[in-house]
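Notes follow the structure.
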Amino acid sequence: EQREKDDKGETEMEKFFIEGPSRLEGEVVISGAKNAAVAIIPAVLLAEEPCVLENIPNINDVNISLQILQELGAKIKMRNKTTVEIDATHIIAPSVPFDIARNMRASYYFLGALLGRYSKGAVTMPGGCNFGGVRPIDQHIKGFEALGADVSIDHGMICAEAQQLTGSHIYFDGVTVGATINVMLAAVRAQGLTILENVAKEPHVVDLANFLNSMGADVRGAGTDVIKIRGVEHMHGATYSIIPDQIEAGTFMVAAAATNGDVLVKNVIPKHLESITAKLVAAGATVEEFDDAVRVTRSGPLKKINLKTLPHPGFPTDLQPQMAVMLSVAEGTSIITEGVWDNRYKYVDELRRMGAKIQVDGKVAVVEGVESLTGAPVKATDLRAGAALIIAGLIACGQTEVEEIHHIERGYECVVEKFRGLGARMEKMEVPDADVQR
Ligand code: EPU
């Protein structure tokens, strides 16, 4: 049907329509962590036995990772909506030449995992980046080379091959989640000891280490600055439950505070949310912690705060756009400093269309609080920017239409249902694409 429409020059696009302002109230259940899942799914390649992964989020990035595994020859069976059984005993070839891999940056984790299992691998180079800045992979390559691999880029593929992967001492130039994970995946089956220094300490790095250990790897120190990996010859199958998504939880926490709401955010690890809780409290919200839930409320006014994003345990960059939205209606002027990415303020132009007063100079955004935002048609420029625009739509007066929602659906499960469950007036609709030239 879509093809018929396209032939006639008509196309449809999906958008979110949000009617604001709304006050979010109720309970929301957080899904498994995207950034843990996209590392743990390729990691099953390291065992020649089936694995069972629980608490898998139903999002596009996870579907792409599973599809890549399937194309490689693994057998995938969904036991239920959140549990998948993966048997990667038989793999056709250690190469991911598929176009689907281009659509997801994290597909490069297949290279680390294939290198670990076969001492060689090749993956389609990931496509362009959404933030507008460069997303280098030099530290991944440096790590693979230190383990004895030759790395080359050939016909849009990144290829790595070693006679025998050998443990090494690697000091990363900067803290990087991606390189920490990728080199860890390769090193677990290398010969001898690998010491990784200046590593990322994000909860998903620890989650991957725990999964690898449950498969028989010997990884110590994840969550600190130094990870020590003693290579093992064989790894076995395991059943593992992925941690809750810190960023999805943070997004709902910020949304609750921004809308003057009262939300119980369930299925979380409150320890992972401490940097977020601290900033929300400073901005005037109340956060109550339970064993596996947090309740965010606000009754007083929102206050200005200063915020700098940093690697974990600092404030996560993936919540920076959402916080900017909240602060755009706080009393006073807030200063945000982006400490991880060179350019993560592309979304600010969209917020300005809604009446926000934000000036950006390099890594710093000066957010002058305004009385209120007004609904407008806006574009999600990337995943977290998209989440921020939803929050903007919730606090704004009138209708907000968010375009390019595929970015959002890459990383947020049932986002419409979850916000609606909290009282948001939000819908996903297909509308004719006005940008198409007839
Ligand atoms: N960097 C290098 N060289 C490298 C790798 C990274 O210089 O080889 C630099 C980057 O340019 C950046 C910094 O190191 O300035 C941090 O990058 P990192 O490698 O930590 O980021 P990533 O692994 O590519 C992951 C998340 C991102 C999140 C960042 C930072 C996944 C799949 N992605 O990206 O999440 O912003 O860590 O926490 O885990 C998102 O979920 O929306 C998202 C973009």
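Name the single residue that is nearest to the ligand (Cβ to nearest atom) among those in region 300-319 being of a type in the set (S, T, N, Q) and in contact with a Gly (Cβ under 9 Å, 6 or more places away or on another chain). Result: Thr317.
Consider Thr124 carefully, then state whether it is β-branched (Val, Ile, Thr), in contact with a helix residue (DSSP H, G or I) (Cβ under 6 Å, 6 or more places away or on another chain), more than 13 Å from the ligand (Cβ to nearest atom) and more than 18 Å from Ala209 (Cβ to Cβ). Yes; evaluated as a whole, the condition is true for this residue. Inclusion of Ile181 among residues that are in a strand (DSSP E or B) and either under 20 Å from Leu46 (Cα atoms) or among the basic types (Lys, Arg) (or both) is not warranted. Between Gly112, Gly116, the distinction of being over 19 Å from the mean Cα position of the chain (by Cα) and either more than 20 Å from Val38 (Cβ to Cβ) or surrounded by 19 or more Cβ atoms within 10 Å (Cβ to Cβ) (or both) belongs to Gly116 only. Scoring Lys279 on the criteria (1) more than 26 Å from Gly332 (Cβ to Cβ); (2) charged (D, E, K, R); (3) within 22 Å of the chain's Cα centre (by Cα) leaves a single failure, condition (1). Taking region 389-413 on its own, how many of its residues are assigned to a loop (DSSP other than H, G, I, E, B) and out of contact with any helix residue (DSSP H, G or I) (no Cβ under 9 Å at 6 or more places or on another chain)? Going through region 389-413 one residue at a time, the tally reaches 1. Looking across Ile335, Ile358, one residue alone is loosely packed, with under 15 Cβ neighbours inside 10 Å, away from the ligand (no atom under 16 Å from the Cβ) and closer than 20 Å to Lys279 by Cα. It is Ile335.
Going by the conditions given, is Ser31 among the hydroxyl-bearing types (Ser, Thr, Tyr), under 25 Å from Met215 (Cα atoms), touching a residue at least 24 places away in the same chain (Cβ under 8 Å) and in contact with a helix residue (DSSP H, G or I) (Cβ under 9 Å, 6 or more places away or on another chain)? Criteria met by Ser31.
Residues in region 38-91 that are polar (S, T, N, Q) and in a loop (DSSP other than H, G, I, E, B): Asn55, Asn58, Thr82, Thr89. Residue under question is Asp245, and the condition is that it be surrounded by fewer than 20 Cβ atoms within 10 Å (Cβ to Cβ) and at pLDDT 95 or above; does it hold? No; evaluated as a whole, the condition is false for this residue.
Residues that are under 28 Å from Gln70 (Cβ atoms), of a type in the set (D, E, K, R) and at pLDDT below 95 within region 1-56 comprise Glu1, Arg3, Asp6, Glu48, listed in sequence order. Contact annotation: residue pairs with Cβ atoms under 6 Å, 6 or more positions apart or on different chains, pairing a residue in region 315-342 that is without any contact (Cβ under 8 Å) to a residue 40 or more places away in the chain with a partner that is within 11 Å of the ligand (Cβ to nearest atom) and among the basic types (Lys, Arg), are Thr337/Lys363; Glu338/Arg344; Glu338/Lys363.
The one condition from (1) aliphatic (A, V, I, L, M); (2) crowded, with 24+ Cβ neighbours inside 10 Å; (3) touching a Leu at 6+ places or on another chain (Cβ under 6 Å) that Ala293 does not meet is (2).
Restricting the search to region 248-264, which residues are acidic (Asp, Glu) and surrounded by fewer than 24 Cβ atoms within 10 Å (Cβ to Cβ)? Break it down into steps so the answer makes sense when it comes.
Pass one, region 248-264, residues acidic (Asp, Glu): 248, 262.
Asp262 - this is the single residue of region 248-264 that is acidic (Asp, Glu) and surrounded by fewer than 24 Cβ atoms within 10 Å (Cβ to Cβ).
The values are calculated or read from the model by the stated rules, or taken from the named source; none is laboratory data. Only a predicted model underlies this, so the values are computations on that prediction, with no experimental measurement involved. Quick reminder, even Gly has a Cβ in these numbers, built from the backbone with ideal geometry, and neighbours come from all protein chains shown.
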